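Asker: Take a look at this one; I'll ask things after.
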Amino acid sequence: MTRTMVLWCPDWSVRAGLLELAETEVEVAAEAPAAVLSANRVTVCNAAARAEGVRRGQRRRDAQARCPEVVLLTDSPERDARWFEPVLAAVEDVRPGVAPLRPGLLAVPAPGRFFSRGALSGEEAAAALLSELLVDAGVWDCRFGVADDLFTAERAARQAGPQECVSVPAAGSAVFLRDLPVMALADDGPEGAALSDLLRRLGLIRLGDFAALGAGEVANRFGSYGSDVWRRVHGASQTRLASRTPPPELARSVPFEPPLDSAEAVTFSVRRTAEEFVAGLAARQLVATAVRIEAEFDGGLSARRWVHPRCFTSRDLVDRVHWQLQGAVITAPIELVRFLPEIVEPAGDHADGLWGGGAEEQVVRGVARVQAMVGYDAVRVPVRQGGRSAADRQALVPWGERPAGLRPLDRPWPGRIPGPAPTRVFAEALSADVVDLSDAPVDVSVRGAVSAEPARYRIGRHWVPVAAWAGPWPVDESWWLGDASGGGRSARFQLVGVDGRAWLVRWLSAGGWIVEAAYD
């Protein structure tokens, strides 16, 4: 019978997030406490964070209260999968047939009698060999489990120590699982977490207690998932691994001997390699919409992920190499440049229409030429994000880059002004005055009540009577910054003058009015 080996890398999302931070030249120690957040709650945290009291399910503020120096990372399944790809490739070099379960967890048919390593033989020797390969690749915390089925092998891997292997004897799955707590099911996702919580509340502490129930009772009370777990605990489940097909080698690299110390020289020398990279994709009817470019030099590596709004050509890749070398901190001559495709799509999805690409294609090429002349970060496009003020609800990202880390739009955002959105948002707010019929300044109380109806406003030198107004929309945010830094109480109004012009104005508790945007 073919046995199954599981490789588990704990807290992989945290590791991938720290690797991405290092890629952006943000210095964070590998052993620093860190946590991944989703919907403002901790989903994964590393051992250093757990030692300070951070736990899964905690709110952001609770995690920061327990560990103020914790590094907070955003949840990104795509990032986790990208950084797990080298681990899959390393295991495939030793044992083909790898089945990726999720980032940080994979299964493979267990290598058998063909491996021996010192006093170890068989499965333990294979795990030791894989552990050595992964440590050389920088993955220190890797744990292995071997059993007759996938469920038991994963539980065995979670019982192992770093760079160790727990091997369950053949036909011993039921004995091994019997003494595990029911909370071990929580690692199976929402269904497993719900079942483990229900079993615990019913007084069933161990999986052996659950296995002692009858099959009919389990089916009636816990449904199909409970019956499946019951069969697994009895060692009666079967393993069917969905082994992946290794992707074709699409990356291209060019070494420099001797190394080049000029960005212009490197840019000129990578043109042929960029053409070969694009041609290799085209031979498989593919195009790249996201490419990772790496530049190696003595003592360091400059790596960056680039995204194109359509697809990369060889000229686009050469431009990205030039921009990357100009913006990176490189302390030695460049020894090698490598192109790695991260997102590839069918070429037919990006083919020109029957009568050409039209105006859109001309705009894309025109903006690309401007960007090549003035620099990557000099050409930006606005995108929407969540926020209360008009300025907070927009962000500028480099043209061609997909926005990341934006505030979500589907949050309530109390105090947000209703639509339609203003057409002009001022980079620097304009000063203004708003008075009532007695020429007294209009203000807003702590409870959000207006002292009097606005009668006139002044933006600049001239007073304009108010034809209509709406508001206030009070907010109390960033109070810890103080009034002088833009924090504290404020309220927004919409004012329409008799001249037909409409404005979004803001009253500040520190005193005074400002104009944030205009409705044209």
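The values are calculated or read from the model by the stated rules, or taken from the named source; none is laboratory data. Predicted model only: the values in this text are computed from it and were never measured. Cβ placement follows ideal geometry from the backbone for every residue including glycine, while neighbour counts extend to all protein chains displayed.
Asker: Return the total of residues in the stretch 138-188 being surrounded by 21 or more Cβ atoms within 10 Å (Cβ to Cβ), in a helix (DSSP H, G or I) and basic (Lys, Arg).
Answerer: 1
Asker: Which one of these is among the hydrophobic types (A, V, I, L, M, F, W, C), in contact (Cβ under 8 Å) with a residue 12 or more places away in the chain and either in contact with a strand residue (DSSP E or B) (Cβ under 6 Å, 6 or more places away or on another chain) or closer than 24 Å to Leu21 by Cα (or both): Ala274, Ala282, Ala290?
Answerer: On the way: Ala274 fails: either in contact with a strand residue (DSSP E or B) (Cβ under 6 Å, 6 or more places away or on another chain) or closer than 24 Å to Leu21 by Cα (or both); Ala282 fails: either in contact with a strand residue (DSSP E or B) (Cβ under 6 Å, 6 or more places away or on another chain) or closer than 24 Å to Leu21 by Cα (or both).
Selected residue: Ala290, the only one of Ala274, Ala282, Ala290 that is among the hydrophobic types (A, V, I, L, M, F, W, C), in contact (Cβ under 8 Å) with a residue 12 or more places away in the chain and either in contact with a strand residue (DSSP E or B) (Cβ under 6 Å, 6 or more places away or on another chain) or closer than 24 Å to Leu21 by Cα (or both).
Asker: Additional query: Residue by residue through the stretch 372-403, note down the ones that are within 21 Å of Leu317 (Cβ to Cβ) and part of a loop (DSSP other than H, G, I, E, B).
Answerer: Matches in the stretch 372-403: Gly375, Tyr376, Asp377, Ala378, Val379, Trp399, Gly400, Glu401, Arg402.
Asker: Suppose we keep only residues that are out of contact with any Asp or Glu (no Cβ under 6 Å at 6 or more places or on another chain) and in contact (Cβ under 8 Å) with a residue 24 or more places away in the chain within the stretch 425-440. Which one would you say is surrounded by the fewest Cβ atoms within 10 Å (Cβ to Cβ)?
Answerer: For the stretch 425-440, the residue satisfying everything is Ser431.
Asker: Only one of these is touching a residue at least 60 places away in the same chain (Cβ under 8 Å), at positive phi and either among the aliphatic types (A, V, I, L, M) or surrounded by 13 or more Cβ atoms within 10 Å (Cβ to Cβ) (or both): Gly415, Gly405. Name it.
Answerer: Details: Gly405 fails: either among the aliphatic types (A, V, I, L, M) or surrounded by 13 or more Cβ atoms within 10 Å (Cβ to Cβ) (or both).
Going through Gly415, Gly405 in turn, just one is touching a residue at least 60 places away in the same chain (Cβ under 8 Å), at positive phi and either among the aliphatic types (A, V, I, L, M) or surrounded by 13 or more Cβ atoms within 10 Å (Cβ to Cβ) (or both): Gly415.
Asker: Right, something else. For residues in the stretch 446-463 being out of contact with any Phe, Trp or Tyr (no Cβ under 6 Å at 6 or more places or on another chain) and either polar (S, T, N, Q) or not in a loop (DSSP other than H, G, I, E, B) (or both), which is nearest to Val434 (Cα to Cα)? Steps first, please.
Answerer: Just the residues of the stretch 446-463 that are out of contact with any Phe, Trp or Tyr (no Cβ under 6 Å at 6 or more places or on another chain), to begin with: 446-453, 455, 457-463.
If we keep only those that are either polar (S, T, N, Q) or not in a loop (DSSP other than H, G, I, E, B) (or both) as well, we get 450-451, 457-458, 463.
Working: Val450: 12, Ser451: 12, Tyr457: 4, Arg458: 7, Trp463: 9 Å.
Among those that are out of contact with any Phe, Trp or Tyr (no Cβ under 6 Å at 6 or more places or on another chain) and either polar (S, T, N, Q) or not in a loop (DSSP other than H, G, I, E, B) (or both), it is Tyr457.
Asker: I would also like to ask the following. Take Glu78 and decide whether it is part of a helix (DSSP H, G or I), of a type in the set (Asp, Glu) and either in the same structural domain as Val182 (by TED's automatic domain parsing) or closer than 13 Å to Val6 by Cα (or both). Before you say what the answer is, go through the steps one by one.
Answerer: Numbers: part of a helix (DSSP H, G or I): yes; of a type in the set (Asp, Glu): yes; either in the same structural domain as Val182 (by TED's automatic domain parsing) or closer than 13 Å to Val6 by Cα (or both): no.
So Glu78 does not fit the description; no.
Asker: Look through Arg304, Arg284, Arg292, Arg310 and report the one residue that is basic (Lys, Arg) and surrounded by fewer than 15 Cβ atoms within 10 Å (Cβ to Cβ).
Answerer: On the way: Arg304 fails: surrounded by fewer than 15 Cβ atoms within 10 Å (Cβ to Cβ); Arg292 fails: surrounded by fewer than 15 Cβ atoms within 10 Å (Cβ to Cβ); Arg310 fails: surrounded by fewer than 15 Cβ atoms within 10 Å (Cβ to Cβ).
None of the others qualify; the one that does is Arg284.
Asker: Hey, can you tell me all the residues within the stretch 89-111 that are surrounded by fewer than 17 Cβ atoms within 10 Å (Cβ to Cβ) and not aliphatic (A, V, I, L, M)?
Answerer: Within the stretch 89-111, Glu92, Asp93, Pro96, Gly97, Arg102 qualify.
Asker: OK, next. What do you reckon, is Val229 out of contact with any Leu (no Cβ under 9 Å at 6 or more places or on another chain) and surrounded by 15 or more Cβ atoms within 10 Å (Cβ to Cβ)?
Answerer: Numbers: out of contact with any Leu (no Cβ under 9 Å at 6 or more places or on another chain): no; surrounded by 15 or more Cβ atoms within 10 Å (Cβ to Cβ): yes.
So Val229 fails the test.
Asker: Separate question: Could you tell me whether the stretch 72-81 includes any residue that is touching an Asp or Glu at 6+ places or on another chain (Cβ under 7 Å) and within 29 Å of Ala251 (Cα to Cα)? Give the derivation first.
Answerer: First pass over the stretch 72-81, keeping only residues touching an Asp or Glu at 6+ places or on another chain (Cβ under 7 Å): 79.
This time we only want the ones that are within 29 Å of Ala251 (Cα to Cα), so: 79.
Checking the stretch 72-81: at least one residue is touching an Asp or Glu at 6+ places or on another chain (Cβ under 7 Å) and within 29 Å of Ala251 (Cα to Cα).
Asker: Separate question: Among the listed residues Leu336, Leu281, which satisfies the condition of being in contact with an Asp or Glu (Cβ under 8 Å, 6 or more places away or on another chain) and either closer than 26 Å to Asp80 by Cα or among the hydrophobic types (A, V, I, L, M, F, W, C) (or both)?
Answerer: On the way: Leu281 fails: in contact with an Asp or Glu (Cβ under 8 Å, 6 or more places away or on another chain).
Only one candidate passes the filter, namely Leu336.
Asker: Look through Cys9, Cys45 and report the one residue that is under 30 Å from Val168 (Cα atoms) and either surrounded by 23 or more Cβ atoms within 10 Å (Cβ to Cβ) or acidic (Asp, Glu) (or both). Show your work before the answer.
Answerer: Values: Cys9 fails: either surrounded by 23 or more Cβ atoms within 10 Å (Cβ to Cβ) or acidic (Asp, Glu) (or both).
Being under 30 Å from Val168 (Cα atoms) and either surrounded by 23 or more Cβ atoms within 10 Å (Cβ to Cβ) or acidic (Asp, Glu) (or both) holds for just one of Cys9, Cys45, which is Cys45.
Asker: In contact (Cβ under 8 Å) with a residue 40 or more places away in the chain and touching a Leu at 6+ places or on another chain (Cβ under 6 Å): which single residue out of Ala110, Ala89, Ala99 fits that description? Before you say what the answer is, go through the steps one by one.
Answerer: On the way: Ala110 fails: touching a Leu at 6+ places or on another chain (Cβ under 6 Å); Ala89 fails: touching a Leu at 6+ places or on another chain (Cβ under 6 Å).
Checking each option against the conditions leaves just Ala99.
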